[in-house]
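We did not get these values from a lab; they are worked out from the coordinates using the rules stated. If you're wondering where the values come from, they're calculated on a predicted model, not measured in any experiment. Don't worry about glycine lacking a Cβ; one is built from the backbone with ideal geometry, like all the others, and counts go over all protein chains shown.
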Amino acid sequence: MVHLSASSLLLAAGILPNLALGAGLDTAAVALGKLYFGTATDNPELTDTAYVTQLNNTNDFGQITPGNSQKWDATEPTQNTFTFTNGDTIAKLAEANGQKLRCHNLVWHNQLPSWVTSGTWTNATLVAALKNHITNVVTHYKGQCYAWDVVNEALNEDGTYRTSLWYETIGEAYLPIAFATAAAADPDVKLYYNDYNIEYSGSKATAAANIVKLIQSYGVKIDGVGLQAHFIVGSTPSKSNQASTMATYTALGVEVAITELDIRMTLPSTDALLAQQSTDYSNTVGACVETEGCVGVTIWDWTDKYSWVPSTFSGQGAACPWDENYAKKPAYTGILTALGGTATATSTTTSATGGSTTSTTTTSSSTSTSTGVAAHWGQCGGSGWTGPTVCATGYTCTYSNAWYSQCL
Ligand code: XIL
């Protein structure tokens, strides 16, 4: 049985994906055959209705990841007492919007409750606690997640194992134990190993590939490698390096995804830094586009207003594709362009009478519409913009930068 994606069915029917109308990041990604373009979100910001309006914009986001509310401290704050309220809020939002949910994460050295970090453990008692946690959390979300990040950040920069409680008490077997437990609780969800600085060749990427092999050597299922991609403007790995590193994972029979993309800069932001950031975003998204086994891209929140960067990296920020006032930055255009902003697609038309087949190549622009009125939050101007310059009644076209004016 041959499974055709929606976009290939449209193409087969001679209908091009109409990127000119309502194109957004997810629309463009799906038109290219990817599963999604998505974003992380978090419970506190869901009280901000303007934020939620854009989070719900399924033209841009076909997938969301809870930034914190499925972590161990949130889900099992005391031993064997599980709280899913906040995680469920985000899971329900995704379901209501028809967005895929990437579930994050089951086993990590950070954001652990004190009963775990301060407990007295033996190999046997910690394995039991690990299995109990994974079984309960994965069972609760069964059928709701596209993927689980089963183990997060197990590696040091030199490719050795991080000396976490898990590794020190259980040894490397904690990885296959975690994956096997997750697979038993939900056989259908994709199971990922997720880490940073494994997006480019080097000791850590090699070690991540070895984790895939380790899990497979136990006869246990692993479906994917998540590339966090927390990058720095001007120092991101090249597109070709990222694509060839992805290939080292997919060669092992697993898929890959970019799971936490953001590209920070030393503040203040300048036009030059924003332009470089756009190029950097474009290269990383482009590496995924080039890689058949790369299923999608998730940014680690879409607006600088709620980015984790300023509170974690002193003096740095402006890492997201939208600024703190929800205006799109040049990075947005960089991403959209990498996703086929000027899309070339081949359509095949079968004539009703003779069955002869003709192929035509059509180029469509995803960034422009020539007439109309931009809605609230819509773009109404900027360098190269050929779309509407008039805003819907009640909204004013407001300059945010040389590339972008918005109806506010
Ligand atoms: C971050 C969250 O965004 C913050 O709100 C929280 O304070 C710390 O964790 N790698 C990961 C994510 O896998 O879970 C982290 O998320 C960012 C780094």
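Rounded to the nearest whole Hz, the Karplus-based 3J(HN,Hα) values (6.51 cos²θ - 1.76 cosθ + 1.60, θ = phi - 60°) of the range 253-270 follow the sequence x, 10, 8, 10, 8, 8, 10, 8, 5, 8, 9, 8, 9, 6, 6, x, 5, 10, with x at glycine and proline. Residues in the range 293-303 carry Karplus couplings, in order, of x, 8, 8, x, 10, 10, 8, 8, 6, 9, 10 Hz; the curve used is 6.51 cos²θ - 1.76 cosθ + 1.60 with θ = phi - 60°, and Gly or Pro positions show x.
With a sphere of radius 13 Å drawn around the Cβ of ASN59, what net charge do the other residues whose Cβ falls strictly inside it have (Lys, Arg +1; Asp, Glu -1)?
Values: positive: LYS328; negative: ASP26, ASP60.
My count for the surroundings of ASN59 gives -1.
Spacing of the modelled spin labels on ALA50 and TYR399, each 7 Å from Cα toward Cβ, amounts to 1.9 nm.
Residues of the range 135-161 with backbone nitrogen within less than 15 Å of a virtual label 7 Å along the Cα-to-Cβ line of ASN97, please, listed as ranges. Counting only backbone N, you get 146.
Taking 0.36 nm per residue of separation and subtracting the Cα-Cα distance, full extension of the segment from THR206 to THR81 would add 41.2 nm. Pairs spanning more than 22 Å between alpha-carbon atoms, out of LYS305/LYS328; LYS190/LYS239; LYS142/LYS305; LYS34/LYS204; LYS92/LYS142: LYS190/LYS239; LYS142/LYS305; LYS34/LYS204. Counting Lys and Arg as +1 and Asp and Glu as -1 over every other residue whose Cβ lies under 15 Å from the Cβ of ALA247, the net charge comes to -3. Charged neighbours of GLU153, selected by a Cβ distance under 10 Å, balance to -1 (K, R count +1; D, E count -1). Does the range 164-276 classify as rounded, prolate or oblate by the C-alpha gyration tensor (a ≥ b ≥ c root eigenvalues; a/c under 1.5 gives rounded; else a/b over b/c gives prolate, otherwise oblate)? Verdict is prolate for the range 164-276. Converting phi to 3J(HN,Hα) with the Karplus coefficients 6.51, -1.76 and 1.60 and the offset θ = phi - 60°, the range 312-323 yields 9, 10, 4, x, 10, x, 6, 8, 9, x, 10, 7 Hz in sequence order, with x at every glycine or proline.
Once the Cα-Cα distance is subtracted from the 0.36 nm per residue extended length, the THR163 to ASP188 segment shows a gain of 5.9 nm. When both bridge partners sit in the range 28-177, DSSP labels roughly 15% of those beta bridges antiparallel.
Between the range 214-238 and the range 113-169, what is the separation of their alpha carbon centroids in Å? So the two Cα centres are separated by 17 Å.
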